[in-house]
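Let me begin by presenting the structure, written as structure tokens, before commenting on it.
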Amino acid sequence: MRRMRIYLGLALILSVWLAGCGSGPEGAGNRLTVVSITPVEDANEGFVFYGVEETDDVGCDGVAGPPKDPDGTEQNGFWDGPGCFESKTELADDLVEITLRNERRPGVEADPAGGRPLLVTGVRITYIDPDDGTTPAYAPQRLSVQVEGDREIADNGTGTLRLTIVTKEMKAGDGATPGIRDLFFTGAVASELFLDAIVDVFARDTLNNESFNIQYVVPLSFINPNI
């Protein structure tokens, strides 16, 4: 049985608070926290994604056995190319939705000026191999990731961002650099690949132009759906 890790939309969260204290408007401040992180298409439990194209795996003759194809393409765990008669799903980006909350810092609740809206200005994702702490060649750091959704989050309000947590290029590789699919295909990964996505969300206090970031870690895993 393959090792399975289940994540319930929760991640390790390291919050950085806005500086400032006191009762005046310029002393007020808010913090950004993560309410939940969920995959957009959750075919599996938690952050478990396909690292290989899903196929009917009937082999190059297009007919399910027995007997299996003599060339070994049937039920080998991989789509066998355009010259065969197998179906497949294309490798795709994996998306997540992040729900953020803009909370007032302790002591701000009584301030007559209230809290402040926060503006999300960008996202950075750094990928780490959880076993050795290195960044794999197929997973370069991504800066200023494009996000969709609520960029400005009102005081005591919530907003949801949608972003790509894993690109299809990370799975397919670029020819020179093997991707996740290649690691499965060559046998470097037997059944499941683990990767930590360290996500930094950068935000700005829109009233005093003070910038900060929060960081959280999303533990990802990839499987071959055909085995």
Checklist entry - Can you tell me which residues in the range 176-227 are touching a residue at least 12 places away in the same chain (Cβ under 8 Å), hydroxyl-bearing (Ser, Thr, Tyr) and either closer than 23 Å to GLY81 by Cα or in contact with a Ser or Thr (Cβ under 9 Å, 6 or more places away or on another chain) (or both)? => result THR177, SER191, SER211, TYR216
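Residues checked against (1) within 30 Å of GLU54 (Cβ to Cβ); (2) in a loop (DSSP other than H, G, I, E, B); (3) over 14 Å from the mean Cα position of the chain (by Cα):
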position: LEU91; (1), (2), (3): yes, yes, yes
position: LEU100; (1), (2), (3): no, no, yes
position: GLU103; (1), (2), (3): no, no, yes
position: ARG162; (1), (2), (3): yes, no, no
position: ILE165; (1), (2), (3): yes, no, no
position: MET170; (1), (2), (3): yes, no, no
Checklist outcome for this item: Residue pairs within 7 Å by beta carbon, gap of at least six or interchain, first lying in the range 101-123 and at positive phi and open to solvent by 80 Å² or more (accessible area, probe 1.4 Å), second acidic (Asp, Glu) and modelled with pLDDT of 65 or more, listed first then second, are none
Checklist entry - Among the residues of the range 33-74, how many are open to solvent by 60 Å² or more (accessible area, probe 1.4 Å), more than 30 Å from LEU119 (Cα to Cα), within 32 Å of the chain's Cα centre (by Cα) and in contact (Cβ under 8 Å) with a residue 24 or more places away in the chain? => result 4
Checklist entry - If we keep just the residues of the range 202-227 that are aliphatic (A, V, I, L, M) and under 18 Å from ARG105 (Cα atoms), which is most open to solvent (accessible area, probe 1.4 Å)? => result LEU207
Checklist entry - Are any of the residues in the range 8-31 closer than 20 Å to THR164 by Cα, in a loop (DSSP other than H, G, I, E, B) and either at pLDDT 50 or above or over 13 Å from the mean Cα position of the chain (by Cα) (or both)? => result yes
Checklist entry - Is it true that GLY157 is within 27 Å of GLY46 (Cα to Cα), open to solvent by less than 60 Å² (accessible area, probe 1.4 Å) and within 23 Å of the chain's Cα centre (by Cα)? => result no
Next on the checklist: Being farther than 20 Å from LEU183 by Cα, crowded, with 18+ Cβ neighbours inside 10 Å and at pLDDT 90 or above: is that true of LEU95 here?
Outcome noted: no
Checklist outcome for this item: Apart from one, (1) aliphatic (A, V, I, L, M); (2) open to solvent by less than 50 Å² (accessible area, probe 1.4 Å); (3) part of a loop (DSSP other than H, G, I, E, B) all hold for LEU195; the odd one out is (3)
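The values are calculated or read from the model by the stated rules, or taken from the named source; none is laboratory data. Bear in mind that the values here come from a model prediction, so they are computed numbers and not experimental data. FYI the Cβ positions are ideal-geometry reconstructions off the backbone, even for glycines, and counts take in every protein chain you see. With ligands, DNA and RNA removed, areas are computed over all heavy atoms of the protein, side chains included. Shrake-Rupley method; radii C 1.70, N 1.55, O 1.52, S 1.80 Å.
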